[in-house]
Amino acid sequence: MTTTDIPRSADVGSGRRVSRKRPRKTATGGLRQAVSATTLLWIMACLYGFPVLWFVLSSLKPASDLFSYPLTLVPHNPTLSGFKAAWDSANFSQYFINTAIVCVITTILTVGVSCCTGYALAKYDNRWLKAFFICILATTMLPSEVMLAPEFLVVRNLGLYNSFAGIILPAVLTATGCFMFRQFFLTVPDELVEAARIDGARELSIFLRIMVPLSRPIMLTLAILSFQWRWNDYIWPLLMLNDPNKFTVQIGIQSIVGAQNINWSVLLGASVISMIPLIAIFLVFQRYVMSADINAGLKD
């Protein structure tokens, strides 16, 4: 007499019940993880955003209410007098034009040079290129204050003192930009380059027609960062410029500060005015910063 193991209906039913409950438990765990991550991001956003909100709202307060006790977040009598006084006390229109010229030219050159350098470091196998990349990274290990004196001497000896070229040229090549492009081009499959070479494409054509379009997200990201760096730069333009007609925005804001006293209402208004172009550029270009499809044109 042979016996066969036939599952009972109760076991089958319990197995079905267990199989139905497991996805719910997994979904609940994923929901908890998502909620905790979202909550953490909101907490960090509040921690970073609250000082900025206080700063912007304080610029709308009269000078007499800035240090009144108890401190308040929302201004009781909002006014734009600080903005008007800041704009009238300094030649902000000229400062904005000077800073825009420096930022635009520097950003274009920085993105172009970093893209070429990153591509060479990633796709060409040469020991001298590796040594050059190490030298570029070594510049990030030194404080910027240490390099100010030799950079100033070089720029002065080249006859670029008190000129926009003296501000632009030392800021063109950045280790951050080269590193960003190198790491991106390393993720691009070599098969894509080899296929283009088999089809008869030259190296310059491969770079301009394939690599540059793929690296558009990195280019836009570096462009935003470079524009922000140059717009907020204060020490180097302060050393290089002595003509008030060539001052940048940050030097113009510093000129508002008096030697004996500080008009905080005017200073806050000028600082908020200097933030407007950066916010506008970020809002315009942030949707273009996305991941690139580096596998386009390849077959599995």
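The values are calculated or read from the model by the stated rules, or taken from the named source; none is laboratory data. Given the structure is predicted, the values throughout are model-derived calculations rather than measurements. Counting neighbours? That spans all protein chains shown, and the Cβs are built from the backbone with ideal geometry, glycine included. All accessible areas refer to the heavy atoms of the entire protein, side chains included, with ligands and DNA or RNA removed. Shrake-Rupley method; radii C 1.70, N 1.55, O 1.52, S 1.80 Å.
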Flag for residue 227 being open to solvent by less than 20 Å² (accessible area, probe 1.4 Å) and in contact with a Cys (Cβ under 9 Å, 6 or more places away or on another chain):
no
Any chance residue 47 is at pLDDT 85 or above and touching a Leu at 6+ places or on another chain (Cβ under 8 Å)
no
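Which residues, taken from region 138-177, are in a helix (DSSP H, G or I) and of a type in the set (Val, Ile, Thr)?
Taking region 138-177 as the starting set, the residues that turn out to be in a helix (DSSP H, G or I) are 138-141, 144-157, 164-171, 175-177.
Listed by number, the residues that qualify are 139, 140, 146, 154, 155, 167, 168, 176.
Restricting attention to region 57-73, and to residues there that are of a type in the set (A, V, I, L, M) and over 15 Å from residue 84 (Cα atoms), which single residue is nearest to the chain's Cα centre (by Cα)?
Our first condition is that a residue be of a type in the set (A, V, I, L, M); within region 57-73, this holds for 57, 60, 63, 66, 71, 73.
Remaining after also requiring over 15 Å from residue 84 (Cα atoms): 57, 66, 71, 73.
Numbers: 57: 25, 66: 32, 71: 33, 73: 29 Å.
Within region 57-73, the match that is nearest to the chain's Cα centre (by Cα) is 57.
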For residue 68, only one of the following conditions fails: (1) open to solvent by less than 60 Å² (accessible area, probe 1.4 Å); (2) among the small types (Gly, Ala, Ser); (3) part of a helix (DSSP H, G or I). What is its number?
(3)
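Looking at this structure, is residue 144 open to solvent by 60 Å² or more (accessible area, probe 1.4 Å), over 23 Å from residue 226 (Cβ atoms) and among the hydroxyl-bearing types (Ser, Thr, Tyr)?
On the way: open to solvent by 60 Å² or more (accessible area, probe 1.4 Å): yes; over 23 Å from residue 226 (Cβ atoms): no; among the hydroxyl-bearing types (Ser, Thr, Tyr): yes.
No: the conditions fail for residue 144.
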Does residue 118 satisfy the criteria of being touching a residue at least 40 places away in the same chain (Cβ under 8 Å), within 29 Å of residue 270 (Cβ to Cβ) and surrounded by 13 or more Cβ atoms within 10 Å (Cβ to Cβ)?
no
One residue from 42, 54 being out of contact with any strand residue (DSSP E or B) (no Cβ under 7 Å at 6 or more places or on another chain), open to solvent by 50 Å² or more (accessible area, probe 1.4 Å) and under 14 Å from residue 268 (Cα atoms)
54
Kindly indicate whether any position in region 173-194 is surrounded by fewer than 18 Cβ atoms within 10 Å (Cβ to Cβ), without any contact (Cβ under 8 Å) to a residue 40 or more places away in the chain and more than 22 Å from the chain's Cα centre (by Cα).
yes
